[in-house]
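The structure appears right after this line, and notes come after that.
The values are calculated or read from the model by the stated rules, or taken from the named source; none is laboratory data. No experiment lies behind these values; they were computed from the predicted model shown. Cβ atoms come from the backbone with ideal geometry, glycine included; neighbour counts cover every protein chain shown.
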Ligand code: GLN
């Protein structure tokens, strides 16, 4: 904990933390010490954790990267963080993120962008998003692990951009209670760490049934660390041909090929598969996610949480709502609310939202068919390495970055990103492994062998 607090001090220029909680960290470290002495510890005891700032933390400001929540001090703790503290982990503070987790570069935070500890020569790069602060805390060696959340790739893509390991569990594996909601049918919490083993240990502490989230599934949490047997002989790994998108860079393609060779050497079988509706995933996601976001974000009205705009004489309730939301939300969040209300509006519901829901089913069916042939699926995590700040001013270009991560999100499946190569500029590149619902163990086992 002392080393982490020192590293936190030294890395301030990266803008990773929104709120630092050193006193709490020291107090938690002390009780971790006590449980180590008493022999009542777990593998997470005393491990410093950086918490993405959309997990509600009792008594500690929670911003979700937005002005509209400032100041919001939750009176309760999210289940995932409560589980971590129960296991003896130590909270270092709350880390930066894209506003309401909407973004792929961490450039939408009200608190400013996080800077990726990895740079290309003199060029500063984005850490990816939305869990940019979480991955940067791990990559900058501030904390051995961090919590992230993934709605359409927000754990996996930033992990790929920073040479860290990030796992999105199956939808329903971790409780969403106390997580600031973005798109409720997609949001899922997961671990980010330096190694597959650390992710396995951390997931074990985060996961589990919770009555407070009706979508949290009551199924046993296996011993993920024990699943890392090192033996993947006979496992079938699918390579979906639709992921060979036009214009995939040769270095990403080469990394993918090399990984297939590693897996074959380790005794796994490589199987070409087809996920025919893949090209619908991005438009489907960017209808479903904003639709749910527009509904979830309706609660920020200037009355219930944090920020309220200054009003003028004669202003009424409507002005209170309008001014608060106009000043409290950033551009990307407003864009999502507009898209979401549009696709849900009476005249367009069938044409957009309903159609997207049907496509979502077809995308999930693609995977269901694939699981009859393979045990896991291997793809690149993102179509590029980390990019420079401001290099994607067009929202559509930014959304394209999620092309490999959103299909599994729509299908609710677990996925991990592991560092697998360096780009020509010396930036990390990631590979993604997807698995069957609630089979994080197989995904972790394969990733561990590849690491
Ligand atoms: N980049 C995607 C988006 O902006 C995914 C974000 C996420 O997973 N939270 O919606």
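The table for this structure:
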quantity	calculated
Which listed residue is touching a residue at least 60 places away in the same chain (Cβ under 8 Å), within 10 Å of the ligand (Cβ to nearest atom) and over 11 Å from the mean Cα position of the chain (by Cα), from 105, 131, 143, 113	105
Residue satisfying condition, being in a loop (DSSP other than H, G, I, E, B), on the phi < 0 side of the Ramachandran plot and buried (at least 24 other Cβ atoms within 10 Å of the Cβ), within set 185, 130	130
Among the candidates 45, 75, 63, residue that is assigned to a loop (DSSP other than H, G, I, E, B) and buried (at least 24 other Cβ atoms within 10 Å of the Cβ)	63
Residue selected from the range 13-42 under the condition within 22 Å of residue 223 (Cα to Cα) and free of Cβ contacts under 8 Å to residues at least 12 places away in the same chain, by the criterion surrounded by the fewest Cβ atoms within 10 Å (Cβ to Cβ)	39
Where residue 174 falls short, out of the listed (1) away from the ligand (no atom under 13 Å from the Cβ); (2) more than 13 Å from the chain's Cα centre (by Cα)	(2)
The range 194-225: number of residues that are touching a helix residue (DSSP H, G or I) at 6+ places or on another chain (Cβ under 6 Å) and outside any loop (DSSP other than H, G, I, E, B)	4
Any chance residue 158 is in contact (Cβ under 8 Å) with a residue 24 or more places away in the chain and within 12 Å of the ligand (Cβ to nearest atom)	yes
Qualifying positions in the range 240-269 - outside any helix (DSSP H, G or I), in contact (Cβ under 8 Å) with a residue 12 or more places away in the chain and on the phi < 0 side of the Ramachandran plot	240, 245, 248, 249, 266, 268, 269
Restricting the range 295-307 to residues that are part of a helix (DSSP H, G or I) and surrounded by fewer than 20 Cβ atoms within 10 Å (Cβ to Cβ), the residue that is nearest to the ligand (Cβ to nearest atom)	296
Top-ranked residue in the range 146-155 [being assigned to a loop (DSSP other than H, G, I, E, B) and in contact (Cβ under 8 Å) with a residue 60 or more places away in the chain; ranked as surrounded by the most Cβ atoms within 10 Å (Cβ to Cβ)]	155
Extreme residue, nearest to residue 80 (Cα to Cα), among residues of the range 226-253 that are crowded, with 18+ Cβ neighbours inside 10 Å and in contact with a helix residue (DSSP H, G or I) (Cβ under 8 Å, 6 or more places away or on another chain)	228
Set 394, 365, 402: member being within 21 Å of residue 170 (Cα to Cα) and either over 19 Å from the mean Cα position of the chain (by Cα) or surrounded by fewer than 23 Cβ atoms within 10 Å (Cβ to Cβ) (or both)	365
The one condition in (1) under 22 Å from residue 401 (Cα atoms); (2) part of a loop (DSSP other than H, G, I, E, B) that residue 100 fails to fulfil	(2)
Unique match (being within 12 Å of the ligand (Cβ to nearest atom), closer than 23 Å to residue 59 by Cα and in contact with a strand residue (DSSP E or B) (Cβ under 8 Å, 6 or more places away or on another chain)) among 166, 190	190
Tabulated pairs, the range 278-305, first more than 19 Å from residue 103 (Cβ to Cβ), second at pLDDT 95 or above and assigned to a loop (DSSP other than H, G, I, E, B), C-beta under 7 angstrom, 6+ apart or interchain	302/308; 302/309; 305/72
